[in-house]
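Report on one structure; see the data block that follows.
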Amino acid sequence: MSETVIQFFQEYSEWAIILSLVLNILIGILGVVPTVFITAANILFFGFWYGTFISFIGEALGAMVAFFLYRKGFKQVSREKLKGYPRVVRLLEAREKEAFLLILSLRLLPFVPSGFVTFASAIGAVSAWTFVVASSIGKIPALVLEAYSVYNVTEWNTEGKIILGVVALAGIYIFVNKRRN
């Protein structure tokens, strides 16, 4: 997937940054597709720091656009259906400082899907400004870790091999546990 994106960047190099941002926005709207492929393409095409920065801007824009689209289209319908889940309602009713801290902490947790955080925030009471700031700050550590991992895996150095080994073991563990249940 990253190779296709890199070829696309090479073919339209004068538009590569815009294309990267648009792809990140589309992934943000979908909410379930991982951004690691775009991050990898950005790092390989633009270099580590510039590629990471472009990925950060793209992911922040993607979350922001998704937030506004979800808020416009799903807020009323979704809130009605989620009233029976008290923990979700707490997130939905959180405002300003509490909402900021909840969004920030959820962005820092790697196993919480980004699309879920965006969707829950969009249909909740949090202001757009609070969401954008908390979400963007929370994305920084996760994106740097993702960029570092992608870089080392693509360089195929010792750290990359260890990262890939850990990911493979985690995948096997999850697969085996799901089969048992």
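The values are calculated or read from the model by the stated rules, or taken from the named source; none is laboratory data. Please read these numbers as outputs of a predicted model, since none were measured by experiment. Backbone-built Cβ (ideal geometry, glycine too); neighbour counts: all protein chains shown. Remember, those area values only see protein heavy atoms, side chains included, never the ligands or the DNA or RNA. Shrake-Rupley method; radii C 1.70, N 1.55, O 1.52, S 1.80 Å.
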- [ ] Place +1 on the Cβ of every Lys and Arg and -1 on the Cβ of every Asp and Glu in the chain, take the dipole about the Cα centre, and give the residue among 162, 135, 4 whose Cα lies farthest towards its positive end.
- [x] 135
Task: Compactness index (Cα Rg / 2.2 N^0.38 Å), region 1-152 - done: 1.08
Open item on the list: For the chain, what does the accessible surface come to per residue with a 1.4 Å probe? Please give it in Å².
Closed with: 61 Å²
Task: Cα pair distances in region 75-174, grouped into 10 Å bins until the bin that holds the longest one, percent each - done: 15, 36, 25, 19, 6, 0
Open item on the list: Test of the criteria: in region 14-119, which GluC sites (Glu not before Pro) are in a DSSP loop and have at most 11 other Cβ atoms within 10 angstrom of their Cβ?
Closed with: none
Task: Farthest toward positive dipole pole in the chain [+1 Lys/Arg, -1 Asp/Glu at C-beta], among 68, 123, 21 - done: 123
TODO: Compute the longest continuous run of the chain that contains no exposed chymotrypsin sites (Phe, Trp or Tyr not before Pro); treat a site as exposed when its DSSP state is not H, G, I, E or B and it has at most 16 other Cβ atoms within 10 Å.
DONE: 13-110
Open item on the list: Within 14 Å, Cβ to Cβ, of residue 24, how many net charges do the neighbouring residues add up to if Lys/Arg are +1 and Asp/Glu are -1?
Closed with: -1
TODO: Quick one: pull the percent of accessible area on the chain belonging to carbon and sulfur, 1.4 Å probe, ligands and nucleic acids left out.
DONE: 69 percent
TODO: Quote to one decimal, in nm, the extra length available between residue 112 and residue 65 on full extension: 0.36 nm per residue of separation minus the C-alpha distance between them.
DONE: 15.0 nm
Open item on the list: Starting from 0.36 nm per residue, how many nanometres of slack lie between residue 172 and residue 133 once their C-alpha separation is accounted for?
Closed with: 10.4 nm
Task: Ranking by accessible area, most exposed first, for 107, 95 with a 1.4 Å probe - done: 95, 107
